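A quick write-up on the structure given underneath.
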Amino acid sequence: MPGAEPYHHEAGQIGVLLCHGFTGTPQSLRPWGEYLAGHGLSVSLPRQPGHGTTWQEMNRTRWEDWYTEVDKAFEDLRGRCAEVFVAGLSLGGCLALRLAEVHGAAIRGLVLVNPSIANDVPLLKLAPLLKWFLPSVPGVAGDVKKPGAIELAYARTPVRAAATLPGLWSLVQADLAKVAQPLLVFHSADDHVVKPTSVAIIRQRVPQATIEELTDSYHVATLDNDADRIFAGSLDFIRTHASVPLQRD
């Protein structure tokens with residue numbers, strides 16, 4: 001899909017890995033990545049397998065494939081940068097948390113935007129059965145309040161791929177106690193895709209988390225009215241928690 005390409009920028013000794021969401025593409029986070037790159041950070045924004053092509057292709061992938069791709073990108077940044085921060089939108093936030101659980105202190109801090117870590121869609125509980133005779137259902141893309149803003153994502157949700165999500169959510173929730181890094185969460189008060197359950201779990205089980213409410217954005221807040229606040233807030237967070245200066249500092 002034109003516009004779904006990954007984005008990479010080589011700059012200073014602080015790296016940021018950005019993880020896009022389920023059925024989405026790097027396009028949803030590219031303005032964020034370009035903003036951070038413009039302030040002297042090295043940025044990696046990979047395209048996860050099955051995304052940015054067709055939903056039929058995505059139906060041949062599962063969460064382990066998406067995690068493997070972001071893990072590979074993390075290791076690449078880790079080899080080139082003194083410190084690495086990880087950020088993510090929606091399911092990308094879940095992948096970011098999993099990276100933090102696995103890699104521990106190798107990740108300096110986390111920034112999540114409307115993270116999804118809980119099964120709050122009743123129909124999804126039937127996905128393991130539905131996947132055998134229902135290839136896809138209507139998609140959840142495009143939940144943006146800002147007029148004219150468009151998310152590049154699938155119009156259909158691939159059921160086989162979606163059926164693997166509960167396994168990831170369960171794993172991440174089970175290991176949340178391992179998340180010891182500084183954590184900043186941006187949460188839209190009006191989100192039509194991810195219910196408040198996920199943020200409530202993080203608030204309860206990750207005591208160091210700072211949660212900021214977004215009042216003028218829907219789910220894809222990185223393309224919405226509060227995008228500038230997210231970008232600037234994440235940069236301030238990185239400046240605060242990095243032990244080496246940004247290239248432009």
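Which whole-number percent is the relative contact order of the chain (Cα, under 8 Å, 6+ apart)?
Relative contact order comes out at 23 percent.
Just for the Cα atoms in segment 7-241, what are the lengths along the principal axes, largest first, rounded to whole Å?
Over segment 7-241, Cα extents along the principal axes are 49, 38, 34 Å.
At a Förster distance of 22 Å, what's the computed FRET efficiency of SER170 paired with LEU134, Cβ-Cβ distance as r, to 0.05?
E(calc), rounded to 0.05, equals 0.45.
So what's the angle, to the nearest 10 degrees on a 0 to 90 scale, between helix 227-241 and the longest Cα principal axis of the chain?
Roughly 50 degrees between the two axes.
Where both residues lie in the chain, what percent of DSSP beta bridges are antiparallel, nearest 5?
Working: 6 of 30 bridges.
The antiparallel proportion sits near 20 percent.
Grab the Cα-Cα distance for GLU10 and HIS192, subtract it from 0.36 nm times how many residues apart they are, and report the gain in nm with one decimal.
On the way: separation 182, 0.36 × 182 = 65.52 nm, distance 3.53 nm.
In short, 62.0 nm is gained.
When you count, for each residue, the other Cβ atoms within 10 Å and take the mean per peptide, how do 1-12, 185-196 rank with the highest first?
On the way: 1-12: 15.2, 185-196: 18.3.
For the peptides 1-12, 185-196, the packing ranking is 185-196, 1-12.
Can you list residues from other chains, or at least 5 along the same chain, whose modelled amide H is less than 5 Å from the amide H of ASP143?
Amide H neighbours of ASP143, under 5 Å, 5+ apart: VAL220.
Would you look at the GNM of the chain, springs on alpha carbons closer than 10 Å, and say which of LEU134, LEU99, LEU152 moves the most?
LEU134
Quantify, in whole percent, the carbon and sulfur part of the accessible surface of the chain (1.4 Å probe; protein heavy atoms only).
On the way: 5570 of 10340 Å².
C and S atoms contribute 54 percent here.
Which shape class applies to segment 174-249: rounded if a/c is under 1.5, otherwise prolate when a/b exceeds b/c and oblate if not, where a ≥ b ≥ c are the square roots of the Cα gyration tensor eigenvalues?
On the way: a/c = 2.90, a/b = 1.15, b/c = 2.53.
Oblate.
Suppose accessible area is computed on protein heavy atoms with a 1.4 Å probe; arrange TRP63, TRP55 from highest to lowest.
Details: TRP63 35, TRP55 55 Å².
Final ranking, largest accessible area leading: TRP55, TRP63.
Provide the gained length on full extension for the span SER243 to ASP216, in nm with one decimal, where the gain is 0.36 nm per separating residue minus the Cα-Cα distance. Working shown, then result.
On the way: separation 27, 0.36 × 27 = 9.72 nm, distance 3.29 nm.
This chain segment gains 6.4 nm when fully extended.
Could you give the dipole magnitude of the chain about its Cα centre, charging the beta-carbon of Lys and Arg +1 and that of Asp and Glu -1, in debye to the nearest 20?
Numbers: 22 positive and 26 negative charges, 114 e Å.
Using only the charged Cβ atoms, the result is roughly 540 debye.
If I fit a long axis through the Cα atoms of helix 91-103 and take the longest principal axis of the Cα atoms of the chain, what angle between them do I get, 0 to 90°, rounded to 10?
60
Can you order the peptides 108-117, 204-213 by their average number of other Cβ atoms within 10 Å per residue, highest first? Could you put the intermediate results ahead of the total?
Working: 108-117: 26.4, 204-213: 12.9.
Final packing ranking: 108-117, 204-213.
Residue-wise, which Karplus ³J(HN,Hα) couplings in Hz belong to segment 21-27, taking 6.51 cos²θ - 1.76 cosθ + 1.60, θ = phi - 60°, and x for glycine or proline?
These are the phi-based 3J(HN,Hα) values: x, 5, 6, x, 8, x, 4 Hz.
Can you work out the accessible area per residue across segment 7-241, with the rest of the protein chains kept in place, probe 1.4 Å, in square angstrom?
Computed with neighbouring chains in place, this is 40 Å² per residue.
The values are calculated or read from the model by the stated rules, or taken from the named source; none is laboratory data. Owing to the predicted nature of the structure, the values given are computational and were not obtained by experimental measurement. Please note: Cβ atoms are built from the backbone with ideal geometry, for glycine as well, and neighbour counts cover all protein chains shown. Ligands, DNA and RNA are stripped out before the accessible areas are found, and what is left, the full protein with its side chains, is counted by its heavy atoms. Shrake-Rupley method; radii C 1.70, N 1.55, O 1.52, S 1.80 Å.
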